[in-house]
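The values are calculated or read from the model by the stated rules, or taken from the named source; none is laboratory data. Please read these numbers as outputs of a predicted model, since none were measured by experiment. Neighbour counts are summed over all protein chains in view; Cβ atoms, including those assigned to glycine, are modelled from backbone coordinates with ideal geometry. Heads up: the accessible areas ignore ligands, DNA and RNA and are worked out on the full protein's heavy atoms, side chains in. Shrake-Rupley method; radii C 1.70, N 1.55, O 1.52, S 1.80 Å.
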Amino acid sequence: MPNCLVIEDDTETRDYLCSGLRAAGYAVQTEANGEAGNRRLQETRWDVVVLDRMLPGQVDGIGILEQMRARGDGTPVLILSALNSVDERVRGLRAGSDDYLTKPFVMSELLARVENLSRRNAWSRDATVLQVADLQLDVRTMRVTRQGTTITLQPREFRLLEYLMRHEGQIVTRTMLLEGVWEYHFDPQTNVIDVQISRLRSKIDKDFSPALIHTVRGAGYVLSAAPTYGPSAR
């Protein structure tokens, strides 16, 4: 079931969106302002985002988009906006949106656009060769190289690296790793993640530059060639 985040401050519009998206088979979560939406985007992996252009608070839709793209979050975004001028549409697209739909809208058109974006994102997730900077991972052959040098990984290390690469630029929490790599749906209160991240760093980053695996203190980890979260814990 595709995972969709709706960031919309108008209650009636938000309820209408949720009803239509859920009927079409999407798992929908909502936020009503920019600050909360921005936090949710960093806490969870989404297949597609429906984002209101004009939001209350200090961060509007354009601000959210710019911050997403700056931290390397490539999640497909559909902007909804009452601003229908060509200049506004161009501004939204240049800020990083994948599509732009003006209000009032017809639900069937919105669903078609969201389906297109989520399908495109699924193709990207299903890619068998992943690359971040000079690091490459081939899912089919389980071969990992950096700067042309083959790196030997244990199966768990490979799964951990694949998970991080498929979430390039996104903060990956301890819970996400436990569920996505170890298939635990509870926290066993061990240092297994810390140990495996340390081992992976020693193989991926120790003899190469720049460092790609970074710790975001109090949040989790991010794999990126150009992180925007401050210094990493080595």
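Okay, here's what the table says:
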| quantity | calculated |
| --- | --- |
| Counted charge near Trp182, where neighbours are those whose Cβ lies closer than 14 Å (Asp, Glu -1; Lys, Arg +1) | -3 |
| Neighbour net charge for Leu93 - beta-carbon separation under 13 angstrom, K R +1, D E -1 | 0 |
| Size descriptor, Kirkwood hydrodynamic radius, that averages inverse alpha-carbon separations across the chain, Å | 19.0 |
| In sequence order, calculated HN-Hα J values of the range 60-65 (Karplus, 6.51, -1.76, 1.60; Hz; x Gly/Pro) | 9, x, 5, x, 4, 4 |
| For the chain, with +1 on Lys and Arg beta carbons and -1 on Asp and Glu, the positive-most of Asn38, Ile204, His167 along the dipole | Ile204 |
| DSSP-defined antiparallel bridges as percent of all bridges, the range 8-123, nearest 5 | 0 |
| For Val172, residues with placed amide H under 5 Å, excluding near neighbours | Tyr221, Val222 |
| Whole-number accessible area per residue in Å² for the range 81-196, which is evaluated in the context of all protein chains at 1.4 Å | 55 |
| About the Cα centre, charge dipole magnitude for the range 54-106 (Lys/Arg +1, Asp/Glu -1 at Cβ), debye | 20 |
| Tail weight of P(r) past 20 Å, computed on alpha-carbon pairs of the range 1-115, percent | 32 |
| Cut-off under 5 Å, modelled amide H: who pairs with Val48 long-range | Asn3, Leu5 |
| Student exercise, the range 1-154 dipole from Lys, Arg, Asp, Glu Cβ charges, in Debye to nearest 20 | 640 |
| Dipole axis of the chain (+1 Lys, Arg; -1 Asp, Glu on Cβ), positive-most option in Thr11, Pro155, Gly92 | Pro155 |
| J(HN,Hα) series, the range 132-149, from Karplus relation 6.51 cos²θ - 1.76 cosθ + 1.60, nearest Hz, glycine and proline x | 10, 6, 9, 9, 10, 10, 9, 5, 5, 9, 6, 9, 10, 9, 9, 6, x, 8 |
| All Cα pairs of the range 4-53, percent lying beyond 15 Å | 37 |
| DSSP-defined antiparallel bridges as percent of all bridges, the chain, nearest 5 | 50 |
| Shape of the range 65-186, Cα gyration tensor, a/c cut at 1.5 | prolate |
| Net charge over other residues, Cβ less than 13 angstrom from the Cβ of Met107 (K, R count +1; D, E count -1) | 0 |
